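The values are calculated or read from the model by the stated rules, or taken from the named source; none is laboratory data. Remember, predicted model here, so these are calculated numbers, not experimental data. Backbone-built Cβ (ideal geometry, glycine too); neighbour counts: all protein chains shown.
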Amino acid sequence: MVNLKASVLAPIIEALPRRIGVLGGTFDPVHIGHLRGGLEVAEMMGLDELRLTPNARPPHRDTPQVSAHDRLAMVECAVAGVATLVVDARELQRDKPSYTIDTLELMRAEMAADDQLFLLLGWDAFCGLPTWHRWEELLQHCHILVLQRPDADSEPPDALRNLLAARSVSDPLALKGASGQIAFVWQTPLAVSATQIRQLLASGKSVRFLVPDAVLAYIDAHGLYRASN
């Protein structure tokens, strides 16, 4: 017999809003700075997942040195076995420049209205926002987490000052709603860059411990970034 009283009184359990982070980049190649910084933010913010999103044709950067296929494969190698870090390849499937606003619109359309979407940006990228395609619309779809190192002492451009005054929140854990706010996250400095790694590889030097072992194995197996490339 069905216990009608129990079924009527049973609480309605609603799914909690999901918390999704997005970290884009050329990942040419992906390295420990990307991965460690992303993982720190994912853990601090309690993200359900952090999506590493390789760019296909970044509008504001030089063309990546290796193919989209290889860059995607290296990111997949890097995050294998790390539950919170996932790969989102949608930008590589579009035959046009990788505009962040397009990616955020697509992601938001796939999410529930109260799910939170966080765009992770380094300080330099954040300061360059006024040059981005439809940059004023970004906060309609996400919160922005600015990853700022303690040694970053540059000032934001004038175009961002009013935005920061109106939208910034001092505590990243206090971000409310699905989108619309900005918070700063202090990062442990890691003196590593993709440019440095490419230069080391081109000169025949080791990049051990600058990239995950699986990424290094992929680079070696495919002869990437060598002087002959």
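Structure summary
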{"quantity": "Sole exception among (1) within 27 Å of residue 218 (Cα to Cα); (2) buried (at least 18 other Cβ atoms within 10 Å of the Cβ); (3) within 16 Å of the chain's Cα centre (by Cα) for residue 142, by number", "calculated": "(1)"}
{"quantity": "Any hit, the stretch 61-84, residues being among the acidic types (Asp, Glu) and buried (at least 17 other Cβ atoms within 10 Å of the Cβ)", "calculated": "yes"}
{"quantity": "Extreme residue, nearest to the chain's Cα centre (by Cα), among residues of the stretch 151-192 that are in a helix (DSSP H, G or I) and more than 25 Å from residue 113 (Cα to Cα)", "calculated": "160"}
{"quantity": "Per-region count, the stretch 70-113, residues more than 22 Å from residue 224 (Cα to Cα) and either of a type in the set (Ser, Thr, Tyr) or in a loop (DSSP other than H, G, I, E, B) (or both)", "calculated": "17"}
{"quantity": "Those residues of the stretch 125-150 which are among the β-branched types (Val, Ile, Thr) and more than 22 Å from residue 113 (Cα to Cα), in sequence order", "calculated": "131, 146"}
{"quantity": "Residue in the stretch 69-87 that is nearest to residue 222 (Cα to Cα), counting only those that are of a type in the set (Gly, Ala, Ser) and without any contact (Cβ under 8 Å) to a residue 60 or more places away in the chain", "calculated": "81"}
{"quantity": "Hits in the stretch 208-229 - residues which are in contact (Cβ under 8 Å) with a residue 60 or more places away in the chain and either part of a loop (DSSP other than H, G, I, E, B) or small (Gly, Ala, Ser) (or both)", "calculated": "209, 210, 212, 214, 217, 224, 225, 229"}
{"quantity": "Yes/no for residue 59 being modelled with pLDDT under 95 and either within 19 Å of residue 212 (Cβ to Cβ) or not in a loop (DSSP other than H, G, I, E, B) (or both)", "calculated": "no"}
{"quantity": "Single condition residue 197 does not satisfy, out of (1) in a helix (DSSP H, G or I); (2) within 19 Å of the chain's Cα centre (by Cα)", "calculated": "(2)"}
{"quantity": "Neighbours by Cβ (under 7 Å, 6+ apart or cross-chain): first from the stretch 178-201, without any contact (Cβ under 8 Å) to a residue 24 or more places away in the chain; second in a loop (DSSP other than H, G, I, E, B)", "calculated": "200/207"}
{"quantity": "Residue 17 closer than 19 Å to residue 197 by Cα, of a type outside the set (A, V, I, L, M) and modelled with pLDDT of 90 or more", "calculated": "no"}
